[in-house]
Amino acid sequence: MEKITTDICIVGAGPVGLFAVFEAGLLKMRCHVVDALPVVGGQLAEIYPKKPIYDIPGFPSILAGELVENLMKQIEPFHPSFTLGERVEKLDKQEDGSFIVHTSEGTAIACKVVVIAGGLGSFEPRKPAIASLESYEGKGVTYMVRDPEQFRSKRVVLAGGGDSALDWAIYLAGIAEELTLIHRGSTFRGAPESAEKVLSMAEEGQIKLLLKSTVTDVQGDGKLDAVTVLIDNETEYQIETDYFIPLFGLVPKLGPLEHWDLELEKGAIVVNTLDYSTNIPGVYAIGDINTYPGKLKLILCGFHESALMAQSAYNIIYPDKKFVLKYTTVNGIQELS
Amino acid sequence: MEEMINLQVELPDGSRVTLEAPTDMGLSVMEVLKANELEVPAICGGMAICATCHVEVLQSGELPELGDDEAYMLETLPHATATSRLSCQLRVTPALDGLVVRLMPEA
């Protein structure tokens, strides 16, 4: 288990999280940045790296990926450290007012200030609306295939029509005793090769394929043993199974942050626009993840928010020193050692 | 020249509200829904990656064809119907006048 000590733990390595490192660095505060994605840049890197952005002041047009590269260069003098590919799970408040942030992989980050720059949140599996589905989670219902061996010689029902449903159906058909793929549509729009393979495997009897069908119910006694399928909107049918894996893609959610006792409004963190502080002293939220009257989800606004956050965080990290606004034109950039 | 069209939205309780939308502002239906404070999370802001602006079209004239991103996203949803659309991908044009949509569950 890795332990890191820093001044500010920034949750989210998107443009706003990265620029917060800069604003903090000007005020001699060290930052550690955590992101669930394995790369920095957030949505800019993951979703639209090749798209031009036109509303960054001073850049008539800049590719999202380039903006991330530039931000990484801009924060270099402040030597931030990173934990990538790990999701923040838990916030532990210490008696002295500092925090320990825990990640999914057991990394612990001790810090005086936490800045949540989580953007859209983290991507979580989309769950179909089936009553009592959640009560079977971990008892036969799972939304992800982590270890395919778990399904060896078992009966498995997969639901979904996207690429991951197709790919797992093909893969697990060779492992499971019986594999059923249930899809709402009558065709697949995903990768044509995977779709054809699934159709041919269905013809050969390696996959039981149910089209125009949806799972409407799950049953079991403590542990899943059957699912109910509605075919063509008229015939109900029960399939006995050991596992049910709904694969309906990912949807951005706040995730574990929902349980941090933060004040929330429609899935966003409520902040005070004086300094973008949350209801928990020492915890700030900046960028797309926060909300306040007049909020605009723009990178531009997130940059502004990070500057105001930093001057407030300064008072926590250096309580004995008065905050003085420094201009980079006057002082340049003083590297943090 | 400004031209306004009318859109109707069916709420979860079955009632309908009529919204006016300008066709000269480059808006999407999602943006019109949000501007009228309807419960549309639209988390991703219009990139067709989250499906939290999913609507079912109940009545319409000719609609623009499904884009690849939109079609793929709809395909992965558990509750999409034959007339499902992502409202962020529907541009407000005069052809949309009289559109009736139903808000669909977020996920």
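The values are calculated or read from the model by the stated rules, or taken from the named source; none is laboratory data. Being a predicted model, the structure only gives us computed values, none of them experimental. Cβ sites come from the backbone with ideal geometry, for glycine too, and all protein chains shown count toward neighbours.
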Count, please, the residues in the stretch A:98-115 that happen to be touching a Lys or Arg at 6+ places or on another chain (Cβ under 9 Å), assigned to a loop (DSSP other than H, G, I, E, B) and at pLDDT 95 or above.
2
Quick one: which of B:G14, B:G26 is surrounded by fewer than 13 Cβ atoms within 10 Å (Cβ to Cβ) and free of Cβ contacts under 8 Å to residues at least 40 places away in the same chain?
B:G14
Matching residues in the stretch B:65-107 (assigned to a loop (DSSP other than H, G, I, E, B) and either of a type in the set (K, R) or more than 14 Å from chain A (Cβ to nearest Cβ) (or both)) number 5
Selection status of B:A51, at pLDDT below 95, in contact with a helix residue (DSSP H, G or I) (Cβ under 6 Å, 6 or more places away or on another chain) and within 13 Å of chain A (Cβ to nearest Cβ)
yes
Can you name every residue in the stretch B:52-107 that is small (G, A, S) and within 11 Å of the chain's Cα centre (by Cα)?
B:S84, B:S87
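Output the residue which, of all residues in the stretch A:265-288 that are part of a strand (DSSP E or B) and more than 16 Å from A:V114 (Cβ to Cβ), is nearest to the other protein chains (Cβ to nearest Cβ).
To start, the set of residues in the stretch A:265-288 that are part of a strand (DSSP E or B) comprises A:265, A:268-270, A:272, A:277, A:283-285.
From the residues that got through so far, the ones that are more than 16 Å from A:V114 (Cβ to Cβ) too are A:265, A:268.
Numbers: A:E265: 12, A:A268: 9 Å.
My answer is A:A268.
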Go through (1) surrounded by 12 or more Cβ atoms within 10 Å (Cβ to Cβ); (2) out of contact with any His (no Cβ under 8 Å at 6 or more places or on another chain); (3) among the polar types (S, T, N, Q) one by one and return the number of the condition B:S84 breaks.
(2)
Which residue pairs have Cβ atoms closer than 7 Å, lie 6 or more positions apart in sequence or on different chains, and pair a first residue in the stretch A:231-258 that is assigned to a loop (DSSP other than H, G, I, E, B) with a second residue that is surrounded by 14 or more Cβ atoms within 10 Å (Cβ to Cβ) and of a type in the set (S, T, N, Q)?
A:L247/A:S164; A:F248/B:T76; A:G249/B:T76
Subset of the stretch A:190-202 [assigned to a loop (DSSP other than H, G, I, E, B) and crowded, with 18+ Cβ neighbours inside 10 Å]:
A:G190
Would you call A:T273 touching a helix residue (DSSP H, G or I) at 6+ places or on another chain (Cβ under 9 Å) and assigned by TED's automatic domain parsing to the domain that holds A:C31?
yes
Name the residue that is surrounded by the fewest Cβ atoms within 10 Å (Cβ to Cβ), counting only residues in the stretch A:302-323 that are more than 22 Å from A:T5 (Cβ to Cβ) and more than 27 Å from the chain's Cα centre (by Cα).
A:K322
Listed residues A:K208, A:K212; which is touching a residue at least 24 places away in the same chain (Cβ under 8 Å), at positive phi and assigned by TED's automatic domain parsing to the domain that holds A:Y136?
A:K212
Among (1) within 13 Å of another protein chain (Cβ to nearest Cβ); (2) assigned to a loop (DSSP other than H, G, I, E, B); (3) at pLDDT below 90, which single condition is B:L38 missing?
(3)
Select, from A:S132, A:S153, the only residue that is outside the structural domain of A:G255 (by TED's automatic domain parsing), more than 30 Å from B:H79 (Cβ to Cβ), in a loop (DSSP other than H, G, I, E, B) and of a type outside the set (A, V, I, L, M).
A:S153
What helices (runs of 4 or more DSSP H), lying completely within the stretch A:1-83, carry at least 2 residues that are in contact with a Phe, Trp or Tyr (Cβ under 7 Å, 6 or more places away or on another chain)?
A:15-26, A:64-75
Across (1) in contact with a helix residue (DSSP H, G or I) (Cβ under 9 Å, 6 or more places away or on another chain); (2) closer than 26 Å to A:G160 by Cβ; (3) among the small types (G, A, S), B:A71 clears everything bar (1)
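Given A:A169, A:A202, which one is of a type in the set (G, A, S), away from chain B (no Cβ under 13 Å) and closer than 26 Å to B:C50 by Cβ?
On the way: A:A202 fails: closer than 26 Å to B:C50 by Cβ.
Sole residue among the options that is of a type in the set (G, A, S), away from chain B (no Cβ under 13 Å) and closer than 26 Å to B:C50 by Cβ: A:A169.
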Residue among A:P246, A:P252 that alone is farther than 20 Å from A:C9 by Cα and touching a Cys at 6+ places or on another chain (Cβ under 6 Å):
A:P252
A:F59: passes all of (1) closer than 30 Å to A:P192 by Cα; (2) surrounded by fewer than 19 Cβ atoms within 10 Å (Cβ to Cβ); (3) away from every other protein chain (no Cβ under 14 Å) but (1)
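Pick from A:G97, A:G140, A:G65, A:G41: which is out of contact with any strand residue (DSSP E or B) (no Cβ under 8 Å at 6 or more places or on another chain) and farther than 24 Å from A:L298 by Cα?
Values: A:G140 fails: out of contact with any strand residue (DSSP E or B) (no Cβ under 8 Å at 6 or more places or on another chain); A:G65 fails: farther than 24 Å from A:L298 by Cα; A:G41 fails: farther than 24 Å from A:L298 by Cα.
Just a single option satisfies the conditions, and that option is A:G97.
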Restricting to the stretch A:194-218, count the residues that are within 14 Å of A:D163 (Cα to Cα) and either touching a helix residue (DSSP H, G or I) at 6+ places or on another chain (Cβ under 9 Å) or among the polar types (S, T, N, Q) (or both).
4
